[in-house]
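First the structure, in the form of structure tokens, and then the observations on it.
The values are calculated or read from the model by the stated rules, or taken from the named source; none is laboratory data. Everything numeric in this text was worked out from a predicted model, so none of it was measured. Virtual Cβ from ideal backbone geometry, glycine too; neighbours counted across all protein chains shown. To get the accessible areas, we keep the full protein, side chains included, count just its heavy atoms, and leave off ligands, DNA and RNA. Shrake-Rupley method; radii C 1.70, N 1.55, O 1.52, S 1.80 Å.
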Amino acid sequence: QSLYIATLALLVVFRVLEPLVLTLAHGMRVTEVREEAPGVVSLTISGRHLDRLHAQAGQFFLWRFLTRRHWLESHPFSLSAAPDGRSLRITVKGLGDFSRRIGDDIRPGTRVVAEGPFGVFTTALRRRDKVVLIAGGIGITPVRALLEEMGGDVVVLYRAVRDEDVVFRGELDRIAGERGARIEYLVGDHATPEGARLLSTAHLTEVVPDIREREVYLCGPPAMTDAIEKNVRSAGVPRRSLHVERFAL
């Protein structure tokens, strides 16, 4: 029985008290709620000394929003902008019960508990000068943050089903222009021959002829990511140069 009590105490300390203390220390609150596209909302969370979290582009936190409806729930969302020490931004697509309501339920001023950062999908993995960032759907969120931090020869391939599904087009174009990166918007329905060909092995080697010489970062929904991962490997990219982040839906 004492073992159970000790285990419960540890859970309370590390899953409840520690994040709560960090939140109080940083004074995290939602400062902006912005619709990016139909069903896609960005939240900007500001606070004190956020640089002490040592968050990096490509990482995620477990977020808990202290409203009457949501304070018991935590949700994993990646940063959609590179951390600047003053604020953190996440971008959420309405795919589940919470994410569909987030734009209506979470308002500026809402206090936030954040656990993290977590994840290794960061620039620290980079070993090559040339990089390809591949995003499928809402997987663009950590890719957009990575683009903001990366210099050198960078190509971004952004796969979407429809034009209206493209998120951050203005931001991506601006960042790519500032950093000298190339960005390709690959839009098409998977059910059509043209759409099915996008990010196939043949298409990858067409749009990025030197892909086998590049570090590749890939993020998207699991089924799409699994298929693209196989195509990237078939294009000659060694496993050690391919970094994958799957977004559970």
Grab the Cα-Cα distance for residue 203 and residue 49, subtract it from 0.36 nm times how many residues apart they are, and report the gain in nm with one decimal. 51.0 nm
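What's the FRET efficiency of residue 178 with residue 240 using the Cβ-Cβ distance as r and R₀ = 22 Å, to the nearest 0.05?
Values: r = 30 Å, r/R0 = 1.36.
After rounding to 0.05, the efficiency reads 0.15.
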Approximate spin-label separation residue 223-residue 67, in nm, with each point projected 7 Å along Cα-to-Cβ: 3.0 nm
Distance in nm between residue 104 and residue 86 label points, each 7 Å along Cα→Cβ, equals 3.4 nm
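In what order, largest first, do 130, 93, 230 sit by accessible area if the probe radius is 1.4 Å?
Working: 130 50, 93 75, 230 145 Å².
So the residues, ranked largest to smallest area, are 230, 93, 130.
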